Amino acid sequence: MAQPEAGMTAQAALGRNWDVAVIGGGVVGCAVARRFALEGAAVILLERAPDILAGASKGNSAILHTGFDAPPGSLELRCMQTGYREYLEIRERLNLPLLETGAAVVAWSDEDEAKLDGILAQAHENDVSDARRIGRDELLAREPNLAPQARAAVLVPGEHLIDPWSAPLAYISQALAEGAACLRNAPVTAGSFDGASWRLETPRGRITAGHVVNCAGLHGDELERSLLGECDFEIRPRKGQFVVFDKAAAALLRTIILPVPTERSKGVVICRTIFGNVLVGPTAEEQPERDRANLDRRMLEELHASALRMIPGLAPIPVTATYAGLRPATERKEYRIGVKERNWISVGGIRSTGLTAALGIAQHVVALYDGAKTATRAEPQWPRMPNLADHLPRDWQQPGHGEIVCHCELVTRREIEQALTGPLPAGDPGGLKRRTRAGMGRCQGFYCSAHVAAISAGRLHG
Amino acid sequence: MAETSACDVAIIGGGPSGLAAAMALREAGVAQVVVLEREKQAGGIPRHCGHPPFGLREFGRILSGPRYAARLVETAERAGIDIRRQHTVVALHPGGSLDLATPDGTATLQARRVILATGVRETPRSARFIGGDRPQGVINTGALQAFTYLEKQRPFARPVIIGSELVAFSALLTCRKAGMQPVAMVEANDRVTAWSPYALAPRLFGVPLLLETELIEICGSGQVGRVRLRRDNTEVLLDCDGVILTGRFVPAAELVRSSHLALDVGSGGPVVDQHGRCSDAAYFATGNLLRPVETAGWSWREGRRVGAVVAQDLAGDLPAPDRVLSIERGAHVKLTVPQRLALPRLGTGLGDFIQLRASDKAGGMISISCGDRVIWRGWRNTLPERRILIPLADLALPEGADSIRVSIED
Ligand SMILES: Cc1cc2nc3c(=O)[nH]c(=O)nc-3n(C[C@H](O)[C@H](O)[C@H](O)COP(=O)(O)OP(=O)(O)OC[C@H]3O[C@@H](n4cnc5c(N)ncnc54)[C@H](O)[C@@H]3O)c2cc1C
Ligand SMILES: Cc1cc2nc3c(=O)[nH]c(=O)nc-3n(C[C@H](O)[C@H](O)[C@H](O)COP(=O)(O)OP(=O)(O)OC[C@H]3O[C@@H](n4cnc5c(N)ncnc54)[C@H](O)[C@@H]3O)c2cc1C
């Protein structure tokens, strides 16, 4: 059955010769597709799951990083900083939120404190010139609920919080508005290159495109091995678990609290979310599975305890959610972006900064591209995303929203209807949650899950 | 522009307790009583408890939950109570001023008195720190009942039921009625939490009852596929397509938590005195918001009493107390309601007793002390989740004391 497809019908997408096929609808793939569409290339995004954001981009900390702690001179740093700037430049036109919080790298011990100067020096080297060291008094004046053991900190005013799902949705929505297509339930399983174009096999049919950009995240190496015969990086998934506190917690904290990092990870962060909660996480656990981000009671309890150690006032506040995400890490630290033979660009190993860097990565990738561009574009369209940020006006405050369906997150019938229609409707229950937050609040669907299921019955298909 | 209106008493929540309070206020002659209910239908939790017994105390007959809820609503509306459906209270302000969300946008309401009656819900998977995957099909009893009774849907066919409080047996009945066959009922303790006759129910329905068994992990991508259980240090996998997490009730106290009102750590509800009066005297609370968890009949009766007290208060018959004595939780006491006594007057809204729950299995001897002096001792059934009552009239409250402590002896 031909389902209405994002941008155009599946039939039309299959019959066409695309300039570029982007494989993988994570935040990076969405941003890359957008950039190609804005540059006038005919681009199609292929996603294996029923909806976009099914992989690493499903669960992260949602911090817009300045790059203060990234390796100096690295491609990662460059992409983060161009990505950061572009996000700020375009966000208002796409109606994407920003919660300006700043971050503090807090020292809790002598050992930590000894590292602060090095952290500050690196921040300055990375052009994050407003980073500065603050003493205990200033730290506690800024964050009075922080445990008194806090010693000192490096304050990074430019670190902010964003909506991790609306941002990529906005990128792909703008691409669609500019003539791109998005095919979901379309895992690329095989492909061949005839010297001029790729034929990519998916269960939904064959896609023909001049160039391929591999943005398959946690499956990037597998994809590349099966289509190119080899791959110069190896994905080593690294899990991060999180505990989310109820909204009352948000009053206890302004700044993103970062630990002094260790060799292996950035460590456990405690920060607000754009939706008005507080989260603590992520852990850093290597594992072989690429698709399973399972939760572990002991780790969750440890995270919870560490949050209470940093902010004792969290103790009486209930837990709203627990989740885990997988970082598409590789055997090395750096991004693995490069042009391969046969009109193939790989974007691999976008490990723990991809939400920030996606727009920068997209600029970098388009600069690497030497293929055709079908059309040049006039002033692009700017589709506006529904706002889910807690600090900005929400739909429930506007008349005519129908009804409030999810009481905890105050999600309206109108918002749910909107997410089930439009150019890229929700493809599965998770996609509906990410687009609306229905069921993501403190009761986790106690009151609304049956109602949401009834409204969306038979209407979720990628 | 937000619309502002005023009333004598605003009741937040149109469940058994809120509606009972409204009736009592009307009967006492209070003119403008408004019930604010966020759902399309009033009636509260019983709306989706498609089983008896409800209504014995209220209507002298046994009704199913939905019929009972409908009766409550009809009775209230016939008495001229203004039930405003799809009116969600989003914030409480000092002195009884409320922020509302309505289908027409935001509004405010100024009430002389407010009664909070927002009920309880069950603890979700997240707050229990249950490990494993996060597939579809992990829900509480409340959601299960909404699926089957309100939406006529079956979220799964072969669920496992976690927990053995009374509500777990409602889950069992709900499954049976809707054609779902539970694969097991799993309880971490060595006995069923509900009264023992219920322990027979699973066997009656051919559902294995697994005691001293812990849920370790939920497995499945997309839909639940199985659960990993631990019993006697051995792990077993149990195939199922859903998980019903029952009980572990918590008061729906978000409004209180984010307001100026004091919240009680033990009960999880607002701090109240024996009249149901909160830390801001314009606010009262009733029903299961006060504590996890009581029956509909109990909540209804509590609502009637608190409604009557609020009517007295509006008439100037509930003077501010001379002094307030706090009730502290000692050993093995999970919660007390109330948490303070307004003196000298002992007449009450919540009933002539202190309600108590035990936090763990302890001996049955309860003692109340004031400083080093024991002022009351008595035996009660102190199993967890059982209602324990101590008559207020039995307490010889010493002059000048500012607190008493309730403990269960080892
Ligand atoms: C715990 C954690 C915390 C993080 N915190 C932050 C943060 O605070 N700030 C920040 O900037 N970044 C953060 N990140 C990093 C960020 O989330 C990732 O860098 C980013 O999501 C990677 O996106 P991606 O598009 O490369 O991969 P993915 O999101 O995995 O996208 C790949 C997509 O490709 C699809 N796919 C795979 N194989 C195929 C195929 N054969 N055919 C078609 N489609 C296929 C997958 O289904 C998937 O949707 C964090 C990450 C984690 C895990
Ligand atoms: C899953 C479940 C099953 C149960 N089964 C039984 C049973 O079989 N028998 C029994 O006797 N008891 C049962 N109970 C106990 C139940 O709590 C009581 O029966 C009774 O419903 C308590 O009445 P109440 O008025 O305190 O709260 P509720 O009935 O919960 O009513 C609260 C009302 O407040 C409304 N509300 C909440 N917040 C707001 C807001 N911000 N603004 C406006 N309105 C709001 C809600 O929509 C709801 O209608 C069950 C409880 C649960 C959770």
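The values are calculated or read from the model by the stated rules, or taken from the named source; none is laboratory data. All values derive from a computational prediction rather than experimental measurement. As a convention, Cβ positions derive from the backbone with ideal geometry for all residues, glycine included, and neighbour counts pool all protein chains shown.
Tabulated data
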quantity	calculated
Any chance residue A:318 is modelled with pLDDT of 95 or more, within 16 Å of ligand 2 (Cβ to nearest atom) and over 16 Å from residue A:269 (Cα atoms)	yes
Search result, residues across segment A:199-226 that are under 19 Å from residue A:350 (Cβ atoms) and of a type in the set (A, V, I, L, M, F, W, C)	A:212, A:213, A:215, A:216, A:218, A:223
Residue A:196 vs. criteria buried (at least 23 other Cβ atoms within 10 Å of the Cβ) and either in contact with a Phe, Trp or Tyr (Cβ under 7 Å, 6 or more places away or on another chain) or modelled with pLDDT of 95 or more (or both)	no
Hey, residue B:214 assigned to a helix (DSSP H, G or I) and modelled with pLDDT of 95 or more or not	no
Odd one out for residue A:450 among (1) part of a loop (DSSP other than H, G, I, E, B); (2) within 12 Å of chain B (Cβ to nearest Cβ); (3) surrounded by 17 or more Cβ atoms within 10 Å (Cβ to Cβ)	(1)
Single residue of segment B:258-285 satisfying the filter (within 30 Å of residue B:144 (Cβ to Cβ) and touching a residue at least 24 places away in the same chain (Cβ under 8 Å)) that is farthest from the other protein chains (Cβ to nearest Cβ)	B:285
The lone exception for residue A:225 - which of (1) more than 9 Å from ligand 1 (Cβ to nearest atom); (2) within 23 Å of residue A:147 (Cα to Cα); (3) not in a strand (DSSP E or B); (4) not acidic (Asp, Glu) it fails	(2)
Qualifying residue in segment B:201-218 (condition: touching a strand residue (DSSP E or B) at 6+ places or on another chain (Cβ under 8 Å), more than 30 Å from residue B:334 (Cα to Cα) and within 16 Å of ligand 2 (Cβ to nearest atom))	no
Subset of segment A:313-351 that is within 14 Å of another protein chain (Cβ to nearest Cβ) and not in a strand (DSSP E or B) - its residue that is surrounded by the fewest Cβ atoms within 10 Å (Cβ to Cβ)	A:315
Segment B:64-83, subset surrounded by fewer than 20 Cβ atoms within 10 Å (Cβ to Cβ) and under 26 Å from residue A:402 (Cα atoms), residue nearest to the other protein chains (Cβ to nearest Cβ)	B:66
Answer from A:54, A:41 - the residue that is at pLDDT 95 or above and either within 16 Å of ligand 2 (Cβ to nearest atom) or more than 17 Å from the chain's Cα centre (by Cα) (or both)	A:41
Hits in segment B:294-341 (condition: assigned to a strand (DSSP E or B) and under 22 Å from residue B:377 (Cα atoms))	B:325, B:326, B:327, B:328, B:329, B:333, B:334, B:335, B:336, B:337, B:340, B:341
Looking only at segment A:293-312, and only at residues there that are within 7 Å of chain B (Cβ to nearest Cβ) and touching a strand residue (DSSP E or B) at 6+ places or on another chain (Cβ under 8 Å), the one that is farthest from residue B:265 (Cα to Cα)	A:294
Residue, surrounded by the fewest Cβ atoms within 10 Å (Cβ to Cβ), within segment A:235-284, restricted to residues that are within 14 Å of chain B (Cβ to nearest Cβ) and on the phi > 0 side of the Ramachandran plot	A:276
Single unsatisfied condition, residue A:426 versus (1) more than 13 Å from chain B (Cβ to nearest Cβ); (2) surrounded by fewer than 19 Cβ atoms within 10 Å (Cβ to Cβ)	(2)
Enumeration of residues in segment B:110-134 that are among the hydrophobic types (A, V, I, L, M, F, W, C), more than 7 Å from chain A (Cβ to nearest Cβ) and under 21 Å from the mean Cα position of the chain (by Cα)	B:114, B:115, B:116, B:117, B:120
Residue match in segment A:65-83 (condition: surrounded by 23 or more Cβ atoms within 10 Å (Cβ to Cβ), within 14 Å of chain B (Cβ to nearest Cβ) and more than 16 Å from ligand 2 (Cβ to nearest atom))	no
The lone exception for residue A:191 - which of (1) over 18 Å from residue A:328 (Cα atoms); (2) in contact (Cβ under 8 Å) with a residue 40 or more places away in the chain it fails	(2)
Among residues of segment B:217-257, those that are exposed (fewer than 15 other Cβ atoms within 10 Å of the Cβ), touching a residue at least 24 places away in the same chain (Cβ under 8 Å) and either outside any strand (DSSP E or B) or within 14 Å of chain A (Cβ to nearest Cβ) (or both), counted	3
Members of segment B:135-150 that are crowded, with 19+ Cβ neighbours inside 10 Å and either facing chain A (nearest Cβ under 7 Å) or free of Cβ contacts under 8 Å to residues at least 40 places away in the same chain (or both)	B:136, B:139, B:140, B:142, B:143, B:146, B:147
